[in-house]
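Everything on this sheet refers to the single structure shown next.
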Amino acid sequence: MTPTPIKSICIVGGGTAGWMTAAGLSNKFSDLDIDITLIESEQIGTVGVGEATLPHIRFFNNTLGISEQDFMKATQATFKLGIEFCDWGNIGDAYIHPFGDFGMPINGIEFYHFWTKLCQNSNTHRLDSYSYPVILAQNNKFGHPSEDIRQIESTLGYAYQFDSSLYGRFLRDYAQSRNVIRKEGKIVTTHLNAQNGNVQSVQLEDGSRHTADLFIDCSGFRGLLIEQALRAGYEDWSPWLPCNRAIAVASERLTDLPPYTRATACKAGWQWRIPLQHRTGNGYVYCSDYISDDAAAGDLLSKLNSAPLTDPKQLYFKTGRRKTFWSKNVVAIGLSAGFLEPLESTSIHLIQEGITELIQLFPDMHMRTSDRDEYNRRMSLNYERVRDFLLLHYVATQRDDSPMWQYFQNMTLPDSLQAKIDAWKTRGHIMKYQFGVFLPASWVAVMIGQNLIPAHYDPRVDMLSHDRLKAEAESLRGAVRDGVDRAMRHDAYIQGYGAASGTFAQRSG
Amino acid sequence: MTRAMDQQDAPMTRIAIIGAGLAGQICAAALRANLPSAIDIKWLDTGRDQDSDIFYGHTTPPESYGFNLAACVNEPDLVLNSDTSFSLGTQFTAWSPQNLEWVQCSHLPLPVMDSVPFHHHLARLDIDNIEPFLMPSIMARNGRFAHPPPNTDTPLSRAEYGYQIDPFTYGRVFQEAATQHGLVLTNSAIEAVCVKDGHIRSIALKNGEKLTADLFIDCTGPKASLLHALGSAYQGKRALFGASSYQAQSVLGFSCRHIHGTDYGWVSESALQGRRINMSVSAPEDKAAARAAHNGAVTTEADVMLGRRDAPWLGNCVGIGHAAAILEPISTAPIRALQRDIERLLRLIPVSADMSVERREYNRLFDDDISHMHMFNRSFFPPGETTPSLYWKQASEQPLGEKLTRKLTLFEDRGVLVTYDLEPFNEQDWTILHFGMRRTAGRYDRVADRYEKRDLERYLNTMSQAIKTLAAKIPPHHIYMQGLRKHLSNRPS
Ligand SMILES: Cc1cc2nc3c(=O)[nH]c(=O)nc-3n(C[C@H](O)[C@H](O)[C@H](O)COP(=O)(O)OP(=O)(O)OC[C@H]3O[C@@H](n4cnc5c(N)ncnc54)[C@H](O)[C@@H]3O)c2cc1C
């Protein structure tokens, strides 16, 4: 088959997924003969939540050639060193899952094994005290990572917390300046090609039709093309992750701008708090079997750390993923591809993965099954591995104080996750993988943070004498403390870096 | 003695390594160097029956350097105390009925331009030979060698190397290291393996002694004496015959192994210090032809069944090396498999008599590693070859399997490298093999079109010229080795 290039792409939807896709593709395919159109409906709008990210987004922005300061100013962004999880292992517990390691490996063996040994010998310092990003976050401080790997400042990674609507607008300007055509209007009909079943065109309310060789479905939960037109099917994961609703509300900016997101476990779900420069994002993700919408809203409002700025907004979802992400000539990216609750801020990352893999496997007019299969294989793996990691938070716990926690206590886990937990509990072994967003350090953070302490450490640890181990651990702890002393406060750092927007949000209406 | 194996949480303190061929020797050195002295290690040589060790082949991968160091065997030891030499890869000639020719070398990642992998740019210019752009390949072809300097801009720093070895002399360096670290090698044949409830309770030795341990490591080669006693199943795939011989050589040969395809199978030559080691491989039916290749000088020969154990860890016994799987030595897969077995075991040395968690994880990882290595080896044979030769017919009839089919389809169709979790052979290994096998991509990444063809041609020209010029300045393998030996011998000890 001679290659016949794709000449037109239609992106359906202008939420975060749509504009990220438009920006990514227009950058990648600039100078090539490909027309990109994006259709969005102001009447329908976007979900308008999704504010916390993972470090990988820096790579996305870098590839687009976006300046960090411009981007932060435009999106009211703050730096994010990790997520603080409160009340997860037990009520009253708290730990930070940082973007970065706990200590450095010794003789090729991860530091936490040595820490486990220290604990068995009456060490009382938390694993946290050996992690620079955790202590930095606890002190509301920030600094960019050092490139010198001998410095403790090199041991952190970071992401952002930003206003996703503003990010969408920022990327819209970017994409439009690279010749992406924006069409406003509501799609009412999808026309399929009678021969091959491909989507041929979409028709707007005003009667106009838009044809394209390739469609990217970024239409949100409804999956306008992938589901409503092509019936890809949905794999329902709610037996494992039963939360199915959320309520979101913005509140005033926090005075001590924390460089981290907070996720607090509740009786029927969990609540987030995301500090931005101009305001704070808050929300309650819950399962409707265990709490009413009104009670959830009341609970959320009663726990805000600052005065509310908006009225609560209600959201509905079902955890799971599309059975095929890419079907015929339609690739689903964003909420149309699947939904996993935002406990570890993975949605925007999964959008990014979807774009990256699509670029790698970008089809030509033949739309080969092999390309689709490979795309679907890669994305399924991504979603499944995130699912297991999220579920870990609910099952690595002593909590049984409500019907929801009892539900998790009685759950039969997916084999893949059960094996991971067993390997950890027995000997601190992480069953690591190469393809998937959460590296071993993340698994360690959550399991130790939620009180799953391995019964044994790696026997090779005993090669190092106890005295030397104690000395090394103490010097590491000292380096962390000194590094944090040297660092600047988060809000001052944003100012000094030239990334402050200088505007605060006010109560609307 | 009240120490009961039945006590599930009893600590694991005694290991017995059974077998002293290459697998046993490397395993003994690595375990003793990495495990604390509180873990007692016994080591038993059950008698010389290691002819099948020739099926580890005569080259090692780049990972051997670090692996060996962790086992307290450093490169100077190998160079001075054995006939080991350097390997930049394997040169194939007359390979397969298609008569293919290339150097399968190891390389750090190739240049990526505008996030488009290197080979897409070649495909765009219809260049079907990647070799001019691979420093180790050009060096190997001209028999040159020098250590790649770390982190510099010279093309030499992109090369990776392993060793050309004789499994017998290579293994002795590891044995020496193990002994130096206090491991005692006992000699005795096995009288009986005492098994109860799927676990080895003890081994009765011909010398009248009884060997007990918490964990037994089966390094007895293809016969896998211990695993066999536990009822382990072996999935045999293809029978092969191999023969090897030595040939004295006063001048050290090339810095790569040479494999030449023949009617009966293949024959290889590897350059060692002071001699050459030759190997021929055929289907068992064509033994005579494979033997004849050595002009009556065969020193070692063996029949093996390529394949793998269902699960190499059964009860309290782990099979390492050939006891677990036998791969054809056309690539570095056999040594890679052995090294990975030992690394995997070190990460999973049981913490108590209940080894169920370790066993399950070990077997899972083994399964991935072996199937991935088999996949790489399988890719040296075009599928469905019609040929009268048994060897080539059987090799090309092996099923491809779902994962490999995906890899081949995506590469041949569009130059995309499909990669699975933690594969032993990296993207460069695969790319070089695809080019060697004349698998060309039907289309390339369109983003490559953003480069002016002329600029690209100029870039590639400069790159290959720089490699050619530099390669000519690098000393021949034997001169480099002489210098290195002299330098090492003069070292203050
Ligand atoms: C409660 C909650 C919290 C979240 N928190 C996070 C977080 O912290 N971090 C994170 O990474 N992610 C988070 N997410 C996920 C994140 O919000 C989404 O992944 C992201 O916003 C992408 O959404 P989208 O673009 O796919 O869909 P949407 O925002 O729903 O956009 C859909 C687009 O399609 C258009 N459209 C739909 N139908 C039509 C039609 N018929 N005609 C024309 N246009 C149409 C709409 O107008 C809109 O432009 C969260 C999600 C929820 C529900």
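The values are calculated or read from the model by the stated rules, or taken from the named source; none is laboratory data. Since the structure is predicted, the reported quantities are computational estimates derived from the model, not experimental observations. Counting neighbours? That spans all protein chains shown, and the Cβs are built from the backbone with ideal geometry, glycine included. Side chains included, ligands, DNA and RNA excluded: accessible areas come from the protein's heavy atoms. Shrake-Rupley method; radii C 1.70, N 1.55, O 1.52, S 1.80 Å.
Need at least 2 residues that are within 27 Å of B:PRO222 (Cα to Cα) per element, so show me which helices (runs of 4 or more DSSP H) inside segment B:1-116 make the cut, counting only ones lying wholly within it.
Values: elements: B:22-34, B:64-70, B:75-81.
Of the helices (runs of 4 or more DSSP H) lying wholly inside segment B:1-116, those with at least 2 residues that are within 27 Å of B:PRO222 (Cα to Cα) span B:22-34, B:64-70.
Within the bounds of segment A:368-386, is there any residue that is assigned to a loop (DSSP other than H, G, I, E, B) and within 14 Å of chain B (Cβ to nearest Cβ)?
Yes, segment A:368-386 contains at least one residue that is assigned to a loop (DSSP other than H, G, I, E, B) and within 14 Å of chain B (Cβ to nearest Cβ).
If only one of A:TYR316, A:TYR260, A:TYR290 is more than 14 Å from chain B (Cβ to nearest Cβ) and within 11 Å of the ligand (Cβ to nearest atom), which one is it?
Answer to the selection: A:TYR316.
Among the residues of segment B:392-432, which ones are surrounded by 20 or more Cβ atoms within 10 Å (Cβ to Cβ), within 30 Å of B:ALA289 (Cβ to Cβ) and more than 21 Å from the chain's Cα centre (by Cα)?
Of everything in segment B:392-432, just one residue is surrounded by 20 or more Cβ atoms within 10 Å (Cβ to Cβ), within 30 Å of B:ALA289 (Cβ to Cβ) and more than 21 Å from the chain's Cα centre (by Cα), namely B:TRP392.
Answer with yes or no whether B:THR440 is over 25 Å from the mean Cα position of the chain (by Cα) and either crowded, with 19+ Cβ neighbours inside 10 Å or touching a residue at least 40 places away in the same chain (Cβ under 8 Å) (or both).
Here the answer is yes, as B:THR440 does meet what is asked.
Checking the structure you have, find out if any residue of segment A:110-118 is of a type in the set (S, T, N, Q) and surrounded by fewer than 21 Cβ atoms within 10 Å (Cβ to Cβ).
Taking every residue of segment A:110-118 in turn, none turns out to be of a type in the set (S, T, N, Q) and surrounded by fewer than 21 Cβ atoms within 10 Å (Cβ to Cβ).
Step by step: first the residues of segment A:9-66, then only those that are within 30 Å of A:PHE79 (Cα to Cα), within 14 Å of chain B (Cβ to nearest Cβ) and of a type in the set (Phe, Trp, Tyr), then the one that is farthest from the ligand (Cβ to nearest atom). Which residue is that?
A:PHE59
Give segment B:134-193 a look and list any residue that's basic (Lys, Arg) and farther than 26 Å from B:SER225 by Cα, or say none.
B:ARG141, B:ARG144, B:ARG158
Would you call A:THR412 crowded, with 19+ Cβ neighbours inside 10 Å and either of a type outside the set (Asp, Glu) or within 14 Å of chain B (Cβ to nearest Cβ) (or both)?
Taking the combined requirement at face value, the residue does not satisfy it.
Quick one: which helices (runs of 4 or more DSSP H) lie wholly within segment B:133-250 and hold at least 2 residues that are in the same structural domain as B:ARG344 (by TED's automatic domain parsing) and either at pLDDT 95 or above or under 24 Å from B:ASP303 (Cα atoms) (or both)?
B:167-180, B:225-229
Please find, within segment A:415-435, the residue that is farthest from the other protein chains (Cβ to nearest Cβ) out of those that are surrounded by 18 or more Cβ atoms within 10 Å (Cβ to Cβ) and among the small types (Gly, Ala, Ser).
Within segment A:415-435, the match that is farthest from the other protein chains (Cβ to nearest Cβ) is A:GLY428.
If B:THR84 satisfies every condition in (1) away from chain A (no Cβ under 14 Å); (2) open to solvent by 10 Å² or more (accessible area, probe 1.4 Å) but one, which is the exception?
(2)
From A:ARG489, A:ARG468, grab the single residue that is open to solvent by 70 Å² or more (accessible area, probe 1.4 Å) and within 14 Å of another protein chain (Cβ to nearest Cβ). I'd like the intermediate steps shown before the answer.
Working: A:ARG489 fails: within 14 Å of another protein chain (Cβ to nearest Cβ).
Going through A:ARG489, A:ARG468 in turn, the sole match is A:ARG468.
Here is a list: A:ILE333, A:ILE348, A:ILE359, A:ILE355. Which entry is within 14 Å of chain B (Cβ to nearest Cβ) and within 16 Å of the ligand (Cβ to nearest atom)?
None of the others qualify; the one that does is A:ILE355.
Do we find that A:ASP388 is more than 15 Å from A:VAL437 (Cβ to Cβ) and charged (D, E, K, R) in this structure?
no
Which of the numbered conditions does B:ALA441 fail, given that it passes all the others? Conditions: (1) out of contact with any Cys (no Cβ under 9 Å at 6 or more places or on another chain); (2) among the hydrophobic types (A, V, I, L, M, F, W, C); (3) closer than 21 Å to B:THR93 by Cβ.
So the condition that B:ALA441 fails would be (3).
Where the second residue is hydroxyl-bearing (Ser, Thr, Tyr) and the first is within 24 Å of A:ILE430 (Cα to Cα) and lies in segment A:395-418, which pairs have Cβ atoms under 8 Å and are six or more apart or on separate chains?
These pairs meet every condition: A:PHE408/A:TYR394; A:PHE408/A:THR397.
Looking at (1) crowded, with 24+ Cβ neighbours inside 10 Å; (2) within 25 Å of the chain's Cα centre (by Cα), can you tell me which one A:CYS10 breaks?
(2)
Among the residues of segment B:220-227, is there at least one that is more than 20 Å from B:THR332 (Cβ to Cβ), of a type in the set (Val, Ile, Thr) and open to solvent by 20 Å² or more (accessible area, probe 1.4 Å)? First the steps, then the outcome.
Within segment B:220-227, the subset more than 20 Å from B:THR332 (Cβ to Cβ) is B:220, B:223-227.
When the remaining residues are screened for being of a type in the set (Val, Ile, Thr), the result is B:220.
Remaining after also requiring open to solvent by 20 Å² or more (accessible area, probe 1.4 Å): none.
No, because not a single residue in segment B:220-227 is more than 20 Å from B:THR332 (Cβ to Cβ), of a type in the set (Val, Ile, Thr) and open to solvent by 20 Å² or more (accessible area, probe 1.4 Å).
Please count how many residues of segment B:101-142 are farther than 30 Å from B:ASP449 by Cα and open to solvent by less than 10 Å² (accessible area, probe 1.4 Å).
Number satisfying all stated conditions: 2.
Scan (1) touching a residue at least 40 places away in the same chain (Cβ under 8 Å); (2) within 28 Å of A:GLU344 (Cβ to Cβ); (3) not in a loop (DSSP other than H, G, I, E, B) for the single condition A:ASP422 breaks and write down its number.
Tallying (1) touching a residue at least 40 places away in the same chain (Cβ under 8 Å); (2) within 28 Å of A:GLU344 (Cβ to Cβ); (3) not in a loop (DSSP other than H, G, I, E, B), A:ASP422 fails exactly one: (1).
Which of the residues belonging to segment A:294-309 are of a type outside the set (Gly, Ala, Ser), surrounded by 15 or more Cβ atoms within 10 Å (Cβ to Cβ) and in a loop (DSSP other than H, G, I, E, B)?
A:LEU304, A:LEU309
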